[in-house]
There are 2 protein chains.
Amino acid sequence: MNQKPAKASTSKDGASKDSSQKSGKQVAPITTRAQDYAQWYIDIVRKAELADHSGVRGCMVIRPHGYTIWEKMQRELDDRFKATGHVNAYFPMFIPLSLLAQEEKHAAGFAKECAVVTHHRLKAIDGEVKVDPEAELEEPLVIRPTSETVIWHQYKNWIQSYRDLPLLINQWANVCRWEMRTRLFLRTAEFLWQEGHTAHASEAEAREETARMLDVYADFAENVMAMPVIRGHKTPGERFAGAIDTLSIEAMMQDGKALQSGTSHYLGQNFAKSADVQFLNQDGKLEYVYATSWGVSTRLIGALIMTHSDDVGLVCPPKLAPIHVVIVPIFRSDEERAKVLEEAQRVRQALVAQGWTVKLDDRENMTPGAKYYEWELKGVPLRVEIGPKDIEKQSLCIVRRFVLAAPGEDEAALRQKKKQFFPREEALAKVPELLAQMQRELFERALRLREEKSRVIDTIEEYEQFFAQGGGFAWVHWAGDAEQEDELARRFETSIRCIPFANQLPEAARGEGKCILTGKPSAQRVVMARAY
Amino acid sequence: MNQKPAKASTSKDGASKDSSQKSGKQVAPITTRAQDYAQWYIDIVRKAELADHSGVRGCMVIRPHGYTIWEKMQRELDDRFKATGHVNAYFPMFIPLSLLAQEEKHAAGFAKECAVVTHHRLKAIDGEVKVDPEAELEEPLVIRPTSETVIWHQYKNWIQSYRDLPLLINQWANVCRWEMRTRLFLRTAEFLWQEGHTAHASEAEAREETARMLDVYADFAENVMAMPVIRGHKTPGERFAGAIDTLSIEAMMQDGKALQSGTSHYLGQNFAKSADVQFLNQDGKLEYVYATSWGVSTRLIGALIMTHSDDVGLVCPPKLAPIHVVIVPIFRSDEERAKVLEEAQRVRQALVAQGWTVKLDDRENMTPGAKYYEWELKGVPLRVEIGPKDIEKQSLCIVRRFVLAAPGEDEAALRQKKKQFFPREEALAKVPELLAQMQRELFERALRLREEKSRVIDTIEEYEQFFAQGGGFAWVHWAGDAEQEDELARRFETSIRCIPFANQLPEAARGEGKCILTGKPSAQRVVMARAY
């Protein structure tokens, strides 16, 4: 295509600036990251139609475009869970108060900001619908903030002997934590997640499971979300309430803050003891069962946005893109329209046959520029523009949503790479390659950014300066206690994101040293950062 | 295979009777339908490990075997929803009380037995975890019994003009109705379902959608669940609260009772009016939006059980079976064991390559008979038995969970058809055919049963007698009013299941006539039955 899109000027980043006025919908441009990072995030969530606030405090509506990303995440994760021997089940969302309070440390962590059901009936009183005061429950029910207690209560009936183990169950569900300050996807009162709850005959097996599921999460994060992560242990203070060990994957967002993206807990025998779940082991002796739990949530959509998106809108790795290719037909007359739409249909069918989700945007009363703008905002990886000249020349114009700049590459070269003409058949054959390349390049860019914003730091002065200047991941030696962790949090708003596994340490961060705060000897560095 | 399974006697229905004593688990035999139909149902649900009661009143735990059936139902339905242009989204589970009360008729129907959240915090008071009296919500939140109100409240922000229509959204979610008498799958306080909520620019289009989705449900019921259904309208008294028209599919269970298996509602402009959702139509005028909603739930698993299962246990149509083929190895010595397991692995791989889910049951300390018993109870469609003689002869023994008796076919002939030996390669090639046949035959048997238990009835005496003798579907003329419907319910515990579409009437039931109760002229017959 070499004619200009009718009536739409194209800005240097490829998005049409004036198009929103011409289209049926008025879409205001989004705030840039430089202007206001937090507002940029909200703009993308709202304007790319990923989620909305609802009428209920702190609860979000996940719109179809956002939910499709979640469905794709679910499919990828669920396939991995099943490939590692897990099955799905469903447990009640209600937890009797006494059950939630059963495991002491767990209760201390979760019996706080919860939604509590106290009544089971409404009634018209004086013509108004009200809670029936006579329908108070004997025992209040808590909407699950997590399901360990209710699930282990059930496992008691299912586990008698070592033959019933391991029990490898996962649940896809909604949960509720009555958060005071909420942010779409990142922290909402109700959210969607999966929670694995497994039961084992030995500590070694349960610990192995804990590590395996963290690996599943890391594989998913890196190879599907194109988001590099650091794997490690949480400090005691950051552990899941009731866990012996909590492992996590930590990702860096574009603003240098960390986002905990998945956790896997070794729970020891704590929950088995509080729910009294014993099994007859191979030696014929009764023993408490060993437990793990692990979860990721719709929070990952927030992580996805903040890892890849830009000032034009959402950038979505092809493996999670609701739409892979959008086709925009360009024409001036009815005659051109018929020809162009016919060709667009052929291209659509060819790409669908390759297995891609393709949107042919044949909306009328909307300029091509307005369409470009909308689909770039919504993060569609590839755009195919088809005009009469393309048909004549048997060529197609493919525009990529994202191209990684090679070191030293200038704007013009990048722009040329972004929008390319190919002979028709070559273009079709090129699509899988371009999508795979984008998937790779997004990971590479995120990794590059993380490296740029990571620093090996040895003094508290340098630490202070690093976070005063925007911060990122600080690799520091640490031998402080919980109180000293709090001190760091107070002074710099930073926390220990994780104590990385040995193989996660960059070369420059290896070796022993001295605690940045206390000067005490430290065996290895940890990752400190500000966090979401 | 022509040796007897080691140490297991086989009863005439193919299930081993003494096997449970030999296995690690004690599984009591299930109650027969003749003994106690209700208990038979519960036995299947519990002993086939489909679901369990939970510690919370009226709430069930869907166990992995049952949940896998639900996942397969979801996949089949979701594919059909997407093929008809729908997308998924997620809305909050909490509905502010005032919102639920907004649509008058809807409120009258649903603002009753609900779970109501009144507080948002727990607190340790005197060392005990209690509801914090200071954390009362300003407005109580109702756990959704259905989501029309919360969804239409949101649609207000998304719909401005006819260009935004139709809006075709579905949600997979948990809902809660505080039922007093619950039964696993059929009626529980919390259950899982999908609810479609669509918005249209005209009544005609919305009514078309209502009919289309009923067809999707009927197609799913008949072609996936192998469960014949009758499609029709509900009477005004049985309509969804707030609907102008409710369509349903009605299935007959083996005891002759009806089970409403899916509903699709034309809601007119009721919800648009109460939530004030107007759109600019093509003539530039503001108009209220037209709505539909439609849903099916985990209740369908109950319907599946009661349509196909027998006194041995669950019978599951292959299209929904969690496991299609179970392979049971048979051997007496370690040497035989090695050979048999090797062959079993080869067979497993060949069947997995065909796309089936295959379980190789190589558990030790368990007789083959005990394994037969367990997998028949759990409804696995095909069993392959492999012993040393089968390897020698290069043959395989395939046992079918269900074979439809041809008219006049005797027990012995049926048993011979049920368990057959084939040359190895032929057996493998035969599997898809046998599964397809079972799928067809289950539908055929259910249809036959429905025909046997259906009667065209013209007098109230005959009606009374029909239901005194067990009943079924009565095709009767009706011209009564709501009060007279209640009379029928009181006298016979029957209700009008639906006013069938004209094409749903069997030949003998067509034509005009006179109301069975009032003698008034009636244009067509309706289906009356007792119902779940």
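Some points to look at:
- Shape call, the stretch A:194-322: gyration tensor on alpha carbons, a/c limit 1.5: prolate
- FRET efficiency estimate (nearest 0.05) - Cβ-Cβ, A:Gln469 to B:Arg510, R0 60 angstrom: 0.10
- A simple spin-label model places pseudo-atoms 7 Å from Cα toward Cβ; at A:Ala338 and B:Leu341 they are separated by 7.1 nm.
- DSSP assigns beta bridges within the stretch A:368-495; of those with both partners inside it, close to 75 percent run antiparallel.
- Rounded to whole Hz, the Karplus (6.51, -1.76, 1.60) HN-Hα couplings of the stretch B:269-284, x for glycine and proline: 9, 4, 6, 4, 5, 5, 9, 6, 10, 10, 9, 7, 7, 5, 8, x
- Stokes-Einstein diffusion coefficient of the stretch A:144-183, Kirkwood radius over Cα pairs, 20 °C, 1.002 mPa s, in µm²/s: 171
- Distance between the C-alpha centres of the stretch B:181-243 and the stretch B:442-473: 24 Å, rounded to the whole angstrom.
- Nearest-first distances (nm) between copies at A:Gly237, label 7 Å from Cα via Cβ: 6.7
- Restriction of the GluC sites (Glu not before Pro) in the stretch A:62-163 to DSSP coil positions whose beta-carbon has at most 12 other beta-carbons within 10 angstrom yields A:Glu134.
- R0 of 60 Å, Cβ-Cβ distance A:Gln282-B:Glu208: FRET efficiency to nearest 0.05: 0.40
- Gyration tensor over alpha-carbon atoms, the protein assembly as shown, equivalent ellipsoid semi-axes in Å: 48, 39, 33
- Inverse of mean 1/r across different Cα pairs in the stretch B:99-228, Kirkwood, Å: 18.1
- Within the protein assembly as shown, antiparallel bridges make up roughly 85 percent of the DSSP beta bridges whose residues both belong there.
- In this structure the amide hydrogen of B:Glu179, modeled in the peptide plane, comes within under 5 Å of the amide hydrogens of B:Ala189, none closer than 5 places in sequence on its chain.
- Accessible area buried, both sides summed, chains B and A with 1.4 Å probe, Å²: 5300
- Accessible solvent surface per residue of the protein assembly as shown, calculated while the other protein chains remain in place, 1.4 angstrom probe, Å²: 41
- For the stretch B:422-457, the residues whose amide N sits under 18 Å from a probe point set 7 Å from the Cα of B:Ala413 along the beta carbon direction are B:441, B:445.
- Here the spin labels are modelled as points 7 Å beyond Cα on the Cα-Cβ line, and at A:Thr32 and A:Lys82 they lie 4.7 nm apart.
- Overall form of the stretch B:23-158 per C-alpha gyration tensor (a/c, 1.5; a/b vs b/c): oblate
- Beta bridges from DSSP with both residues in chain A: antiparallel share about 85 percent, rounded to the nearest 5.
- Chain A, dipole about Cα centre (Lys/Arg Cβ +1, Asp/Glu Cβ -1), debye to the nearest 20: 1600
- Here r is the Cβ-Cβ distance between B:Phe501 and A:Ala489 and R0 is 60 Å; the resulting FRET efficiency, rounded to 0.05, is 0.35.
- Gain on full stretching of the segment that runs from A:Glu136 to A:Ser161 - 0.36 nm per residue minus C-alpha separation: 5.0 nm
- Shape call, the stretch A:300-391: gyration tensor on alpha carbons, a/c limit 1.5: oblate
- Pairwise alpha-carbon distances in chain A exceed 44 Å for 27% of all pairs.
- Whole-angstrom gap from the stretch A:114-129 to the stretch B:481-502, using each part's C-alpha centre: 32
- 24 Å Cα-Cα threshold exceeded, pairs from B:Lys72/B:Lys417; A:Lys82/A:Lys273; A:Lys72/A:Lys418; B:Lys319/B:Lys389; B:Lys82/B:Lys319: B:Lys72/B:Lys417; A:Lys82/A:Lys273; A:Lys72/A:Lys418; B:Lys319/B:Lys389
- Ordered from longest to shortest, the equivalent ellipsoid semi-axes for the stretch A:406-522 are 43, 15, 12 Å, each the square root of 5 times a Cα gyration tensor eigenvalue.
- Neighbourhood net charge (9 Å Cβ-Cβ; Lys/Arg +1, Asp/Glu -1) for A:Arg363: -1
- Accessible area per residue was computed with a 1.4 Å probe on protein heavy atoms; B:Ser98 scores about 70 Å².
- Close amide H contacts of A:Leu267 (hydrogens built in the peptide plane, cut-off under 5 Å, sequence separation of 5 or more or a different chain): A:Ile244, A:Ala291, A:Thr292, A:Ser293.
- Label 7 Å beyond Cα on the Cβ vector: B:Gln39 copy-to-copy distances, nm: 7.1
- Carbon and sulfur %, accessible surface of the protein assembly as shown computed with the full protein complex present, 1.4 Å: 47
- Other-chain or far-sequence residues with amide H under 5 Å of A:Ser54's (modelled H): A:Cys59, A:Val61
- Taking every protein chain into account, the 1.4 Å probe leaves A:Asp219 with about 50 Å² of accessible area, to the nearest ten.
- Inter-copy label distances at B:Glu409, shortest first and taken from points set 7 Å along Cα to Cβ: 6.7 nm.
- Between the stretch B:42-77 and the stretch B:337-368, the alpha-carbon center distance in angstrom: 26
- Under 15 Å, Cβ to Cβ, from B:Gly66 - net charge with Lys/Arg +1 and Asp/Glu -1: +2
The values are calculated or read from the model by the stated rules, or taken from the named source; none is laboratory data. Computed from a predicted structure; not experimentally measured. Reconstructed Cβ throughout: ideal geometry from the backbone, glycine too, with neighbour counts over all protein chains shown. Just so you know, the surface numbers come from the protein's heavy atoms only, side chains and all, with ligands and any DNA or RNA stripped out. Shrake-Rupley method; radii C 1.70, N 1.55, O 1.52, S 1.80 Å.
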